[in-house]
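Here the structure comes first, spelled out in structure tokens, and everything after it is commentary.
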Amino acid sequence: MAPRWILREVPNDAAVDALAERLNDLPDALARTLVLRGIDTFDTAKRFFRPTLTASHDPFLMRGMDAAVDRIVQAIDSDETVVVYGDYDVDGTTATALMTRFLRSSGLPKTTYFVPNRFKNGYGLSPGGIDECYARGATLIVALDCGVTAVEEAKYARKLGIDLVICDHHKPGDELPDVAALPDPKQPDCEYPFKELSGCGIGFKVIQAVLQRQGRSSAEALPYLDLVAVSTAADIVDLDGENRD
């Protein structure tokens, strides 16, 4: 069957005309495209075309962020053995690289990482992966791009005496895992305004929060933005809001 293009109708032609005029006679087709994306004012168009980091949200608005920062700072101050637990896709590997590099540069030079083998370990947190972290002497696992549904795996880690900080961007199930901290904007009762960050993006917000808590410059987070950009494109999250900033 031949493909059919179904064009969306603009709900308000007057909004298209007003936006085009406000943006120095922007071509009608582009103005219509913007309005269809919900960009129908000068301010929203300015943010879309000229995104800045200053428009990003306070990381501490995310539920679980305070506890995550507390536990990570404790690990740094106590020189604990930390393993960064990622995933095998682009988002997971960039998130793993981001957090490993940050922790190593922040007082935990012996931080190691674990990326599960798709065929041996399956997806996300697994008992076998946790066993590997335990064998390395981990007292803290920082999991990225996975874990929000790992209820039984979290119980297993706790049984081994390992704390878990889960930094995820997926939707949780009916039950949240019992962990030291769980920053995830898609969990219930989370007031964080933007819900579509990549897993690496969540890791970046954690880094921002740790820097803020330690009184360090926010500019220290900027070198990690290349990894966030790659993860954002590869994971096909919405190229809007903070993902454009």
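Could you tell me which of the pairs 110/171; 159/186; 120/171; 155/195; 159/195; 110/155 are separated by over 29 angstrom between their Cα atoms in the structure shown? Please list the in-between numbers first.
Values: 110/171 32 Å; 159/186 27 Å; 120/171 25 Å; 155/195 27 Å; 159/195 32 Å; 110/155 26 Å.
Long pairs (Cα-Cα over 29 Å): 110/171; 159/195.
Could you quote the convex hull projected area for region 121-223, Cα atoms only and averaged over all directions, in nm²? Spell out each step's value before the answer.
Working: hull surface 29.9 nm².
That works out to 7.5 nm².
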Check your understanding: Quick one: Cα centre-to-centre distance for region 8-82 and region 151-205, in angstrom?
Key -> 23
Check your understanding: Of 199, 233, 211, which is farthest on the positive side of the dipole of region 123-245, counting Cα position, with +1 on Lys and Arg Cβ, -1 on Asp and Glu Cβ, and the Cα centre as origin?
Key -> 211
Check your understanding: For the chain, list the DSSP H helices whose alpha carbon atoms reach 30 Å or more along the long axis and whose average Kyte-Doolittle value is 0.5 or above?
Key -> none
Practice item. Would you list the P(r) distribution for the chain, with all Cα-Cα distances sorted into 10 Å bins from 0 and each bin expressed as a whole %? Key: 7, 29, 30, 17, 11, 5, 0
Check your understanding: What are the extents of the Cα atoms of region 1-83 along their three principal axes, listed from largest to smallest and rounded to whole Å?
Key -> 60, 42, 18
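Counting helices only, and only those DSSP H runs with n ≥ 4, report the 222 nm mean residue ellipticity of the chain as the sum of -39,500 (n - 2.57) divided by its residues, in deg cm²/dmol to the nearest 500. Write out the running numbers ahead of the final one.
Values: 9 runs with 100 residues, N = 245.
So the calculated ellipticity at 222 nm is -12500 deg cm²/dmol.
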Exercise for review: With a 1.4 Å probe and every protein chain left in place, tell me how much accessible area residue 222 has, in Å² to the nearest 10.
Suggested key: 80
**Study point:** Gaussian network model of the chain, Cα within-10 Å springs - most flexible of 190, 146, 133
**Key:** 190
Revision key, fill the gap. Over region 10-161, with neighbouring protein chains present, the accessible area per residue in Å² at probe 1.4 Å is 51
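The values are calculated or read from the model by the stated rules, or taken from the named source; none is laboratory data. Note that the structure is a prediction, hence the values are computed from the model and not measured. Every residue, glycine as well, gets a Cβ built from its backbone with ideal geometry; the counts of neighbours run over all protein chains shown. Just the protein is used for accessible areas: all its heavy atoms, side chains included, with ligands, DNA and RNA removed. Shrake-Rupley method; radii C 1.70, N 1.55, O 1.52, S 1.80 Å.
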